[in-house]
Each structure stands twice: as C-alpha cells, then as structure tokens.
Amino acid sequence: LVEDNLHNARLLITYLCKLGYEVTWAKDSDEMWRSLKQSIPALILMDIHLPGVNGLTLTQQLQARKRYKTIPVIVQTAMAMKGDREKCLASGASDYVSKPIDLAVLAQMVAKYSQSEKV
C-alpha cells in the first residue's frame, strides 16, 4: 500500500488484514522503493496524490524496471472525472478504484490480482 493519508492507510490495512492479506505500508516514493528492496509484493495499491513523486509517475517507473514490471498496480484516487480512469491505466496501472473506496469492489480487485500473498 502506497498511501500518504494516515486515516485511509489505517482503513485499508485493517480491512485487507481482516481478509487475510499481509500489508506493507509506504507513505511516499522513498519508502516504497526501500520496501521493494526487501520483498516483492503480489500487488501494489497506489495512491495518486503523494508528496514528492506522484502515483502515476511511480507506476510508470515500476513499469520501466524489469524487476517490478510484472507487479499489478491498482491505482486509488479521487480522480473520478471522465478520462481519469484511462489516464491512470495509460500510466501502466492494472486497474483503478476511485475514492471514497468501495471496500467490496476493492476486495474483488485485490483477489483478482493476488493469491492472498503480500499487498
């Protein structure tokens, strides 16, 4: 989970852990890259609006690196205007969920892209 908002992060971590997933949380791009050096997750939930490097740029950077290219990225954002979904997918994201997040929809997406491994 790459999310700078503490309340959103707590909600997602609590929910995903109750579903049986192991969640690693990074608050920004630096923490994400450090975490990826430790282990490769089954998928990444990526917020778009992050301090420093935004989530779309991070998704593009992940896609450009052979080691991380196969990690599915689900973009989570308040960007819900026409064309925003396409913009997110064009960055290399596997899927898109708008905020406020429908937890049931998120659960389906996470299940689709992971095998109950690390998120």
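Return the pairs, sorted by first residue and then second, in which the second residue is in a helix (DSSP H, G or I) and open to solvent by 40 Å² or more (accessible area, probe 1.4 Å), the first residue lies in region 39-66 and is closer than 15 Å to D95 by Cα and small (G, A, S), the beta carbons are less than 8 Å apart, and the residues are 6+ apart or on different chains.
Filtered contacts from region 39-66: A42/Y113.
Looking at region 36-49, which of its residues are outside any loop (DSSP other than H, G, I, E, B) and closer than 15 Å to T59 by Cα? Break it down into steps so the answer makes sense when it comes.
At the first step, the residues of region 36-49 found to be outside any loop (DSSP other than H, G, I, E, B) are 36-38, 44-47.
Across region 36-49, the qualifying residues are L36, I44, L45, M46, D47.
Among all residue pairs at least 6 apart or on different chains, which show Cβ distances below 9 Å where the first residue, located in region 2-24, is part of a helix (DSSP H, G or I) and the second is of a type outside the set (A, V, I, L, M, F, W, C) and open to solvent by 60 Å² or more (accessible area, probe 1.4 Å)?
L6/K27; A9/K27; L16/E22
Taking region 41-52 as the region of interest, how many residues are touching a helix residue (DSSP H, G or I) at 6+ places or on another chain (Cβ under 8 Å) and surrounded by fewer than 16 Cβ atoms within 10 Å (Cβ to Cβ)?
2
Can you name the residue in region 73-106 that is part of a helix (DSSP H, G or I) and touching a residue at least 40 places away in the same chain (Cβ under 8 Å) and is also surrounded by the most Cβ atoms within 10 Å (Cβ to Cβ) among such residues?
Filtering region 73-106 for residues part of a helix (DSSP H, G or I) gives 84-90, 103-106.
Now drop any that are not touching a residue at least 40 places away in the same chain (Cβ under 8 Å), which leaves 88, 103, 106.
Working: C88: 26, L103: 14, L106: 19.
Once the filter is applied, the top-ranked residue is C88.
If you go through region 98-114 one residue at a time, how many are modelled with pLDDT of 90 or more and either of a type in the set (A, V, I, L, M) or within 13 Å of M46 (Cβ to Cβ) (or both)?
Here is the first cut: in region 98-114, the ones modelled with pLDDT of 90 or more are 101-113.
Of the ones still in play, those that are also either of a type in the set (A, V, I, L, M) or within 13 Å of M46 (Cβ to Cβ) (or both) are 101, 103-107, 109-111, 113.
Number of matching residues: 10.
The values are calculated or read from the model by the stated rules, or taken from the named source; none is laboratory data. Since the model is a prediction, treat every value here as computed from it, not as a measurement. No Cβ is skipped: glycine too gets one built from the backbone with ideal geometry, and neighbour counts run over all protein chains shown. Calculation scope for accessible area: heavy atoms of the full protein, side chains included, ligands and nucleic acids excluded. Shrake-Rupley method; radii C 1.70, N 1.55, O 1.52, S 1.80 Å.
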